[in-house]
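Report on the following structure.
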Amino acid sequence: MEYGGFFGKMLRINLTDRTSQVEKLDQEVLKKFVGGSALGAKILYDEVPAGVDPLGPDNKLIYTVGPITGTNAPCASRLNITTKSPLTGAIGNSLSGGHFPAEMKKTGYDAIVIEGKADKPVYVLIKEDRVDIRSAEKYWGLNTQDTQNYIKEDLNDLSLRISCIGPAGENISLMACIMNEARAAGRKGVGAVMGSKNLKAIAVKGDKEVPVVDPERFQAAIREVLRKLKESDVAYPVFSKTGTVLAVDGTSALGVMPANNFRDTGVVDYSKALGTKAYAEYDQTKNPCYRCPMSCTQVRMARGGKYAGISTEGPEFETIYSMGSVLGIDDPELVIAADRLCDELGIDTMSSGVAIAMAMELYEEGILTETDGLELKFGNKDVVLPFLRMMAYKEGFAKIFADGTKKAAEYLGEEAKYYAMEVKGLELPAYDVRGLKAHGLNYATSYTGADHNRGYAFQEVFGIPIPHAVERLDIEGKGKITKFNQDFASLPDILTMCEFPVQQALTDVAQKVAADLLSAATGLEFTEEEVWQICERLNNICRMFNVREGFSRKDDTLPRRILEEPIKEGLSKGERISQEDLDTMLDEYYEARGWDENGIPTPEKLKELGLEDTIEAVPSI
C-alpha cells in the first residue's frame, strides 16, 4: 500500500458459511472517503441495495476506523459502525470510543464487513493475522460485561478488546446497542442487527504499527492540537473534570433541558439535582479512551440507599436526561444505576429512556392501561429498572416499547402518536429544540434521524461564534448554519477523532488541523477545501442512501409537540418551531445544500462531489 495512515485492507466475514477473506481497498475510494463514517457509508451504499430487510442476512454491519486511529494522535480512538438501521429504515451509523478502535486498527484492517447470518451464536476472534469464527453458545444470554470477561478468561488473554451485544441485542430490541468495555455504539439499533446475525462478539488483538508517511509533520499537527487544548478555557479546566454533565447546567440555564416527555420543559431547574455540583459528589476515578489527554470519562458510584456500590462510566449528559429529567426524576443515584444496567443489557440509554417517558405520559393520560402492575407516573423512579429489563427481554407490556416510540405509537393507535418524541423513528436527544432553532433543523434533516451528533449547533448551545455568532431563537439563516454544522460534525467522524476536543478547542482551526493530520499520515496532500468537500460528500451519499429507500422532505419533520406546543416556563418560555418556521428553514437548508425543493440532491451537486454513481437513485419527475 503506497499510502500511509491506511493498511488498505478490508476484512469481509460471511457468517452464513463461516468464511473470511481479505480484500484490497481501492485507493481512490480511500482518497475520496478517507475512513470512519464516510468509508462506512460508501461501503453500505455500494453493497446494500434498496429494500433490504435491516434484520435480514443481506444487511451488513460495517466497522470502520480512520487513518489517524491507532497512531499517537490524541483523542483519535474512535470507531464507526454503519448499517441499515432497523429502528429508522434509513442509514444508521453509531460511534464509540475507548480502546477497541485503536486495537482494531492495529490488526491491520481499515474496515470489517460482517454479512450473512450464523445458524448458531458465534463470535469472531481477530488476532495475529488469524480470523476465527467460534461458537458463542456458552456466552449467549450473558450481559455485556460478563461476555467480555469470560471470553478473555477462556482465551487466557486479558489484553483483548471486545465489542459485543447483551440481552437486548439477542432479543432484537430495535434500541439495542453494541458495547466495547463500557463504551456504547449506542443508537439506531446497531445491536439488533448484530443480534439478528447471531453474532455475540468481535474480539481483537493487534500487533501492527499504523504507518505515517511524514512523522515530523504529523507531530507538528499533534502539537497544534495539544496547544489548542491547553489554551481552551473549557477542555482541561472544566470538561476534563466534569465530563458531559456540564451540559445539564448549560441547557437548564437556557430553559431547554427537557422534562416529562418534553411536556414540562423549563418548569423545574434540574441543574441543582443533576448538574455538575451534584455529580461531583459521586466521582470515583477516570477511565480515558486510548491516548486521550482530556480524560472526560468520569467513573461515578452511588454511595447510599438501594443503589449503593453501583458504579458506571458516566453517566453522560444524554443519560442524565433520558433516565432523569425527561422522566421527571431528580435522583442522581438512580441515573447511575440505570446507566449501568443499560450498559449491561446492551440497550441505548437515550431511546429507552424516551420510550419510558412516552409510556409514563400515556399512562397518566389513560391511553396505556396494561402495565403489568407498574405505576408509570412521572417521577416514579422505582419503575425505571424493571421497565428497562422488560424492554431488553421483550417481556410483558414493555415489548410494545422495545422497538422504539414510533412503532409503539403505531401499535397503540393514532392518539398515541402525539407523545412519540422521534424523528424518522429515532428518539430525540437531550435538547428541547423549540428554544434552539438550528439544533431543531438538524434533528429534522439529519440522515440518521434526531441525532445531535450529526450537526450540533454549538453556536446556539454554547455561544461559540464559529463561523459567526448566531441568535438561537431566530429562524433566518438557520438553513445555512445547519449545513455548516452537519459538515463540521462530519470532520472528526471521518478522521476518526473525538468530537469533544474539536468543538471545545479546535473550532477555528479544525479544517487546517484535519488537513495536516491527513496529509502527514497518508502522504497525500489534502487542502482545507478538500477536507470540507469530503464532509459534504458524506452528507450527500447518506442522503442518497435514504432517497433510494424512499425518504424525502416529508420525513424532514419534527414531533407534533415541538411544532404545536410552546415551552411552558423558563428562558425559552413560549417558544416552538411552527410548521411555517420549519418550512422556511428547510427551503433555505435545501438551497444551501444544492438540493431540490423536495430535499433530493440534484445531479449537478452529485457530479460536483464525485457521486455520479448515485444519480440513478434520484427519483424521476
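The values are calculated or read from the model by the stated rules, or taken from the named source; none is laboratory data. This one's a predicted model, so the numbers in the text were calculated from it and none came from an experiment. Cβ coordinates were reconstructed from backbone atoms using ideal geometry, including for glycine residues, and neighbour counts include every protein chain displayed.
Any idea which of GLN503, GLN486 is within 30 Å of SER578 (Cβ to Cβ) and not assigned by TED's automatic domain parsing to the domain that holds ASP583? Quick ask: steps written out before the conclusion?
On the way: GLN486 fails: not assigned by TED's automatic domain parsing to the domain that holds ASP583.
Every option except GLN503 fails the conditions.
Could you say which residue among LYS573, LYS568, LYS512 is out of contact with any strand residue (DSSP E or B) (no Cβ under 9 Å at 6 or more places or on another chain) and assigned to a helix (DSSP H, G or I)? I'd like the intermediate steps shown before the answer.
Working: LYS573 fails: assigned to a helix (DSSP H, G or I); LYS568 fails: assigned to a helix (DSSP H, G or I).
From the options LYS573, LYS568, LYS512, the qualifying one is LYS512.
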Conditions (1) more than 24 Å from MET323 (Cβ to Cβ); (2) of a type outside the set (Asp, Glu); (3) modelled with pLDDT of 95 or more: number failed by ILE464
(3)
Pick out the one residue from GLU499, GLU471, GLU476 that is acidic (Asp, Glu) and modelled with pLDDT under 95.
GLU499
Count - residues of segment 197-246 that are in a helix (DSSP H, G or I) and either modelled with pLDDT under 95 or of a type outside the set (Gly, Ala, Ser) (or both)
27
Do the conditions hold for SER77, that is, is it in a strand (DSSP E or B), of a type in the set (Gly, Ala, Ser) and either touching a residue at least 12 places away in the same chain (Cβ under 8 Å) or out of contact with any Pro (no Cβ under 7 Å at 6 or more places or on another chain) (or both)?
no
Considering each residue of segment 585-604, count those that are crowded, with 17+ Cβ neighbours inside 10 Å and in a helix (DSSP H, G or I), and give that number.
6
Residues (over 25 Å from GLY141 (Cβ atoms) and of a type in the set (S, T, N, Q)) located in segment 320-358
SER322, SER325
Look at ALA247 and say whether it is closer than 30 Å to LEU79 by Cα and either of a type outside the set (S, T, N, Q) or in contact (Cβ under 8 Å) with a residue 24 or more places away in the chain (or both).
yes
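From the list PHE545, PHE500, PHE551, PHE526, exactly one residue is among the aromatic types (Phe, Trp, Tyr), closer than 27 Å to PRO86 by Cβ and either assigned to a helix (DSSP H, G or I) or free of Cβ contacts under 8 Å to residues at least 40 places away in the same chain (or both). Which is it? Steps first, please.
Numbers: PHE500 fails: closer than 27 Å to PRO86 by Cβ; PHE551 fails: either assigned to a helix (DSSP H, G or I) or free of Cβ contacts under 8 Å to residues at least 40 places away in the same chain (or both); PHE526 fails: closer than 27 Å to PRO86 by Cβ.
Criteria check complete, one pass: PHE545.
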With (1) free of Cβ contacts under 8 Å to residues at least 40 places away in the same chain; (2) in a loop (DSSP other than H, G, I, E, B) as the list, and ARG300 as the residue in question, which single condition is left unmet?
(2)
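I need the full set of residues from segment 377-400 which are part of a loop (DSSP other than H, G, I, E, B) and farther than 22 Å from ALA176 by Cβ, in order please.
Taking segment 377-400 as the starting set, the residues that turn out to be part of a loop (DSSP other than H, G, I, E, B) are 377-380, 394-395.
Scanning segment 377-400 gives LYS377, PHE378, GLY379, ASN380.
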Any residue at all in segment 91-98 that is surrounded by fewer than 23 Cβ atoms within 10 Å (Cβ to Cβ) and among the small types (Gly, Ala, Ser)?
no
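Please tell me if LYS152 is surrounded by fewer than 17 Cβ atoms within 10 Å (Cβ to Cβ), in contact with a strand residue (DSSP E or B) (Cβ under 9 Å, 6 or more places away or on another chain) and outside any loop (DSSP other than H, G, I, E, B). Steps first, please.
On the way: surrounded by fewer than 17 Cβ atoms within 10 Å (Cβ to Cβ): yes; in contact with a strand residue (DSSP E or B) (Cβ under 9 Å, 6 or more places away or on another chain): yes; outside any loop (DSSP other than H, G, I, E, B): yes.
Spelling it out, LYS152 is indeed surrounded by fewer than 17 Cβ atoms within 10 Å (Cβ to Cβ), in contact with a strand residue (DSSP E or B) (Cβ under 9 Å, 6 or more places away or on another chain) and outside any loop (DSSP other than H, G, I, E, B).
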Log entry, pairs with first residue in segment 152-179 being more than 18 Å from THR83 (Cβ to Cβ) and in contact (Cβ under 8 Å) with a residue 24 or more places away in the chain, second being buried (at least 24 other Cβ atoms within 10 Å of the Cβ) and acidic (Asp, Glu), beta carbons closer than 7 Å, six or more apart or on different chains, reads ARG161/GLU103
Tell me, yes or no, whether segment 20-33 has at least one residue that is crowded, with 24+ Cβ neighbours inside 10 Å, in contact (Cβ under 8 Å) with a residue 12 or more places away in the chain and either aromatic (Phe, Trp, Tyr) or within 11 Å of ASP110 (Cα to Cα) (or both).
yes
Matching residues in segment 143-164 (within 16 Å of the chain's Cα centre (by Cα) and farther than 18 Å from VAL65 by Cβ) number 0
Evaluation of PRO501 against (1) within 21 Å of the chain's Cα centre (by Cα); (2) within 22 Å of LYS483 (Cβ to Cβ); (3) buried (at least 22 other Cβ atoms within 10 Å of the Cβ) (one fails), failing number
(2)
